[in-house]
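To start, the structure itself, in structure tokens.
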Amino acid sequence: MDAIKFVQEQMLKKPDFPKFGPGDNVVVTYKIVEGDKERNQSFRGDVIQINGEGAGKTFTVRKVSNGVGVERIWPFASPNIIDISVTKYGKVRRAKLYYLRDLVGKKARIKEKRNTK
Amino acid sequence: MNGIIGRKIGMTSVFDELGRNVACTVVEAGPCVVTQIKSEDADGYNALQLSYGEAKAKNTSKPMLGHFDKANTTPKRKLVEFRDCDLEKNLGDTITLDEVLQEGDIVSVVGTSKGKGFQGVVKRHNFRGVNDATHGQHNRQRAPGSIGASSYPSRVFKGMRMAGQTGNSRVKMRNLSVLKLFPEQNLVLIKGAIPGHKGTFVVIEK
């Protein structure tokens, strides 16, 4: 087990992103490779879950785009993530916000947490 | 040198240079001790016998203790012969990972696959079974079906695929690439899966 931890530490980049958790609104800037072209795209939404530990740790961002719910899952260690910035800290009472999938419009909002850093 | 003995540690995943998530296996390989040198004159072929994995002296037979004493080493659990090695080694020399492998090498890994016990034809030979639960089918969803004709040939052909012991056999995985070496830790990162449970002995062949 320790050997696997050692390999993961050697092979995976250490993310130096700001700390965020479920309920926070984030902008993820990531790299897209199309053929031999590369461009950056950003995705803004609410973090609805943080899953796993170590090399397999991922986070899920949800947004509603043109009335359609869109979710993206990224590994924390993914080299395709260029930047993550937190725009709002949300006040939520659970770790997995799956209930947001069933809510639309004003009900799907997350209360903002004030005075935190 | 065309191979080394190791132990499967477990699996993890890393990102390649294109940002793709690649599943890979961590193997602890070497250092191996040369316990016998076979030569064309004495044995009819050239080979190096390598040993790996510490064993307790009380669990080693006296003839084997003598064999290890000759190489001036402690008792080992796994002995493997490698034929026609290009490395000049003496009895009792150690062979380390970086003498055998380089990053980017294409290797084969030999191990003992996980035992599945006595399994039916669906699991063992990927038969489809009966796809229907109705239309008169009853207690034969996973049955093998016909195993041959009747009065001619009046026997079942050899090699007919049937139920039986599955897994726990020697398996060689070919065309695996070496992603990364950690010579100080005796660790090697191999792309993809290799046979066997965690902790089992494997042989990495070039």
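Values in this text are rule-based calculations from the coordinates and carry no lab data. What you see is a predicted model, and the numbers here were worked out from it, not measured in a lab. Every residue, glycine as well, gets a Cβ built from its backbone with ideal geometry; the counts of neighbours run over all protein chains shown.
Couplings 3J(HN,Hα) of segment B:14-24, computed from phi: 10, 9, 8, 5, 8, x, 8, 7, 10, 6, 8 Hz, in residue order, whole Hz [Karplus 6.51 cos²θ - 1.76 cosθ + 1.60, θ = phi - 60°; x for Gly and Pro]. A simple rule links phi to the HN-Hα coupling: the Karplus curve 6.51 cos²θ - 1.76 cosθ + 1.60 with θ = phi - 60°, which for segment B:80-85 gives 9, 8, 10, 7, 6, 7 Hz, with x for Gly and Pro.
Enter the angle in degrees (range 0 to 90, nearest 10) between the Cα long axis of helix A:2-11 and the first principal axis of the Cα atoms of chain A, meaning the one along which they spread out most. Taking the Cα atoms of chain A, the angle to A:2-11 is about 80 degrees. Mind scanning B:Lys78/B:Lys191; A:Lys13/B:Lys56; A:Lys31/A:Lys107; A:Lys19/B:Lys8; A:Lys31/A:Lys88 and naming the pairs with a C-alpha gap bigger than 29 Å? Going by Cα-Cα distance, A:Lys13/B:Lys56; A:Lys31/A:Lys107; A:Lys19/B:Lys8 fall outside the 29 Å limit.
In terms of surrounding Cβ atoms within a 10 Å radius of their Cβ, B:Asp41, B:Asp16 rank from fewest to most as B:Asp41, B:Asp16.
The Cα atoms of segment B:101-198 give a gyration tensor whose axes a ≥ b ≥ c have a/c of 1.5 or more with a/b greater than b/c, which makes the shape prolate. Put in line by how crowded their Cβ is, counting other Cβ atoms within 10 Å and starting with the fewest, A:Ser78, B:Ser150 read B:Ser150, A:Ser78.
Fully extending the segment from B:Gln185 to B:Glu205, taken as 0.36 nm per residue of separation minus the present Cα-Cα distance, adds 5.2 nm. Among the residues of A:9-16, the average count of other protein chain beta-carbon atoms within 10 Å of the residue beta-carbon is 3. Across every direction, the projection of the convex hull enclosing the Cα atoms of chain B has a mean area of 18.9 nm².
The simple spin-label model puts a point 7 Å past each Cα toward its Cβ; for B:Glu17 and B:Gln141 those points are separated by 5.0 nm.
A Cβ-based charge dipole, computed about the Cα centre of chain B with Lys and Arg at +1 and Asp and Glu at -1, lands at about 1680 debye. Packing here is the average count of other Cβ atoms within 10 Å per residue, and on that basis the peptides A:52-62, B:153-163, highest first, run A:52-62, B:153-163. Each of B:Cys24, B:Cys85 has some number of other Cβ atoms within 10 Å of its Cβ, and from fewest to most they run B:Cys85, B:Cys24. Segment B:70-109 and segment B:136-206 have Cα centres lying 27 Å from one another. Amide H to amide H, with H built 1.01 Å from N, A:Lys113 comes under 5 Å of A:Tyr89, A:Gly90, A:Lys91, counting only residues 5 or more places away or on other chains.
A full extension of the chain between B:Asp105 and B:Phe118 corresponds to an added length of 1.0 nm, given 0.36 nm per residue minus the alpha carbon distance. Dividing the summed helix terms, -39500 (n - 2.57) for each DSSP H run of n ≥ 4, by the number of residues in the protein assembly as shown produces a 222 nm estimate of -2500 deg cm²/dmol to the nearest 500. Across peptide B:4-17, the mean count of Cβ atoms from other chains lying within 10 Å of each residue's own Cβ comes to 3. When the charge dipole of the protein assembly as shown is built from unit charges on Cβ atoms (+1 for Lys and Arg, -1 for Asp and Glu) and taken about the Cα centre, the candidate among B:Cys85, A:Thr87, A:Asn66 whose Cα reaches farthest toward its positive end is A:Asn66. Across chain B, Cα pairs under 8 Å and at least six residues apart give a relative contact order of 31 percent.
Considering only A:Ser78, B:Asn186, B:Ala29, and ranking their Cα positions along the charge dipole of the protein assembly as shown that arises from unit charges at the beta-carbon of Lys, Arg, Asp and Glu, the one farthest toward the positive end is A:Ser78.
Amide H contacts of B:Gln119 (H built 1.01 Å from N, in plane; Pro and chain starts excluded): B:Gly164, B:Gln165, B:Thr166 sit under 5 Å, all sequence-distant by 5 or more or on other chains. Shape analysis of the protein assembly as shown places it in the oblate category; the axes a ≥ b ≥ c from the Cα gyration tensor give an a/c of at least 1.5, with a/b not above b/c. Annotation: aspartates and glutamates with alpha-carbon distance below 13 angstrom to A:Lys5 (same-chain offsets under eight excluded): A:Glu53. Here the 3J(HN,Hα) profile of segment A:21-35, calculated from phi with Karplus coefficients 6.51, -1.76 and 1.60 at θ = phi - 60°, is x, x, x, 7, 9, 10, 10, 9, 9, 9, 8, 10, 10, 10, x Hz, Gly and Pro shown as x.
Shape class of segment B:69-136 from the Cα gyration tensor (axes a ≥ b ≥ c, square roots of the eigenvalues): prolate, since a/c reaches 1.5 or more and a/b is larger than b/c.
Would you mind pulling out the separation of the Cα centroids of segment A:62-89 and segment B:42-58, in Å? Here the two parts' Cα centres lie 55 Å apart.
Taking segment A:14-54 and a reference point 7 angstrom along Cα→Cβ of A:Glu112, the backbone N atoms nearer than 12 Å belong to A:25.
Only Lys, Arg, Asp and Glu carry charge here, each on its Cβ (+1 for the first two, -1 for the last two); on that basis chain A has a dipole of about 860 debye about its Cα centre. The mean number of Cβ atoms from other chains found within 10 Å of a Cβ in peptide B:23-30 is 1, as a whole number.
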